[in-house]
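Q: One structure follows; several queries about it will come next.
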Amino acid sequence: MTILVTGGAGYIGAHVVRLLQQQGDQVVVVDNLSTGQRDRVGGAPIIEVDIAEDRAVDLMVDAMREHSVTAVIHFAAQKQVGESVARPAYYYHQNIGGMANVITAMERAQVRDLVFSSSAATYGMPPTAIVEETADPRPINPYGETKLVGEWMGRAAGKAWGLRFAALRYFNVAGSGWDDLGDPAVLNLVPMVLDRIANGKQPLIFGNDYDTPDGTCVRDYIHVLDLAQAHIDTLTYLAKDERPYDVFNVGTGTGSSVREVLDGLARVSGLAIEPELFERRAGDPPHLVGSPARINETLGWTAQNGLEEILTSAWTAWQTGPRRISVAGE
Ligand code: UFG
């Protein structure tokens, strides 16, 4: 099988590319290399283009035909909640335009299977402590809105021309499956904390007056390798005739607060972490934890790793990278 992976040189994409290659599949990557890195794709061909550019369609059609692509996994997108509040038109253009280009190319090349990177941000502030896929999606920031529209687009293409589509709603992805595939971007809590420390500063907590047990936001942290495996399992699911669902949470059902993540990082690293309090960040829901029941029952997928493994692997990968942090007493 040959799988086209958009954003395959990025943090999550590269984990999926490696798993696919390990099981003997061929991979073609489409990536603009803005946060992705060329040396992460295990020698797969890379089509270097921004997914939302018009010319991306022709380039993808050509690649799908040339490599006899059988399925697409679409990661390439912008993913920062705060930035999406500040730059909504840009997020709509990149994420919705990118998805439209992917689906257009698939229809033209008659490639029928698509796994889409959706997000827990589609839920907004769900009414239940542990959110299920049946909850009404009510995103509270443009990022989440673009992901919800992406889901609608995939579903509509299914009705229109038979796209076989599944969206994975990721919760908070962190850690690394291999030391050379740590998160290269400083866009989420764990790398942001390590980046601050590498720069000789203490990490920031964005608000401690939320209505949560310790006042900091609660998230469902999922190990990137578990998430990557969920994509492999979803490809198998798309090949089946009976597909009762087209949306799955990829979470653990367990929440951790920002403070618990910081305490955990201090524990696994030996670092003395004394965070500074900062103002709330726009667009942040206080509590977002996902039920994995549906993906567990339908695909047989379950997370193998918890917060400890996530933080340990993130720390080890960081320390093998270019910005090693020296720990007191070492
Ligand atoms: N945070 C801090 N300090 C930091 C960085 C983050 O306190 O230096 C807080 C944030 O305010 C938030 C929590 O840590 O409360 C997690 O923030 P991230 O930026 O790591 O992640 P988000 O929850 O905002 O968003 C992430 C992905 C989205 C995805 C979402 C699903 O970036 O793509 O998880 O929950 F949709």
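The values are calculated or read from the model by the stated rules, or taken from the named source; none is laboratory data. This structure is a prediction, so every number in the text was calculated from the model and none was measured. As a convention, Cβ positions derive from the backbone with ideal geometry for all residues, glycine included, and neighbour counts pool all protein chains shown.
Q: For segment 194-209, how many residues are at negative phi and near the ligand (Cβ under 8 Å from one of its atoms)?
A: Of the residues in segment 194-209, 5 are at negative phi and near the ligand (Cβ under 8 Å from one of its atoms).
Q: Within segment 186-193, can one find any residue that is buried (at least 24 other Cβ atoms within 10 Å of the Cβ) and within 13 Å of the ligand (Cβ to nearest atom)?
A: The answer is yes; a qualifying residue exists.
Q: Can you give me the number of residues within segment 194-203 that are under 28 Å from Gly42 (Cα atoms) and either surrounded by fewer than 22 Cβ atoms within 10 Å (Cβ to Cβ) or without any contact (Cβ under 8 Å) to a residue 60 or more places away in the chain (or both)?
A: The number of residues fulfilling the criteria is 1.
Q: Something else about it: If Val85 satisfies every condition in (1) under 26 Å from His15 (Cα atoms); (2) within 15 Å of the ligand (Cβ to nearest atom) but one, which is the exception?
A: (1)
Q: Still on this structure: Tell me whether segment 181-189 contains one or more residues that are free of Cβ contacts under 8 Å to residues at least 60 places away in the same chain and more than 30 Å from Arg112 (Cα to Cα).
A: The answer is yes, given that some residue of segment 181-189 is free of Cβ contacts under 8 Å to residues at least 60 places away in the same chain and more than 30 Å from Arg112 (Cα to Cα).
Q: Can you say whether Leu225 is more than 16 Å from the ligand (Cβ to nearest atom) and within 15 Å of the chain's Cα centre (by Cα), as far as the supplied structure shows?
A: yes
Q: To continue, here is another question. Inside segment 68-80, can you point out the residues that are surrounded by fewer than 22 Cβ atoms within 10 Å (Cβ to Cβ) and farther than 13 Å from Met106 by Cα?
A: Matches in segment 68-80: Gln78, Gln80.
Q: For the condition closer than 30 Å to Arg323 by Cβ, modelled with pLDDT of 95 or more and not β-branched (Val, Ile, Thr), what is the one hit in Arg243, Arg219?
A: Every option except Arg219 fails the conditions.
Q: Related question: Please work out which one of (1) in contact with a His (Cβ under 6 Å, 6 or more places away or on another chain); (2) surrounded by fewer than 22 Cβ atoms within 10 Å (Cβ to Cβ) is the condition Val224 fails and give its number.
A: (2)
Q: In the list Arg196, Arg169, which residue meets the criterion of being of a type outside the set (A, V, I, L, M, F, W, C) and assigned by TED's automatic domain parsing to the domain that holds Ala239?
A: So the residue among Arg196, Arg169 that is of a type outside the set (A, V, I, L, M, F, W, C) and assigned by TED's automatic domain parsing to the domain that holds Ala239 is Arg169.
Q: Okay, next question. Among the residues of segment 95-113, is there at least one that is within 13 Å of the ligand (Cβ to nearest atom) and in contact (Cβ under 8 Å) with a residue 24 or more places away in the chain?
A: So far as segment 95-113 goes, yes, one or more of its residues are within 13 Å of the ligand (Cβ to nearest atom) and in contact (Cβ under 8 Å) with a residue 24 or more places away in the chain.
Q: Against the definition (outside the structural domain of Thr128 (by TED's automatic domain parsing), hydroxyl-bearing (Ser, Thr, Tyr) and either free of Cβ contacts under 8 Å to residues at least 24 places away in the same chain or over 26 Å from Leu181 (Cα atoms) (or both)), how does Thr298 come out, yes or no?
A: yes
Q: List the number of the failed condition for Gly144; all other conditions in (1) within 30 Å of Glu279 (Cα to Cα); (2) more than 12 Å from the ligand (Cβ to nearest atom); (3) small (Gly, Ala, Ser); (4) modelled with pLDDT of 95 or more hold.
A: The single condition Gly144 does not satisfy is (2).
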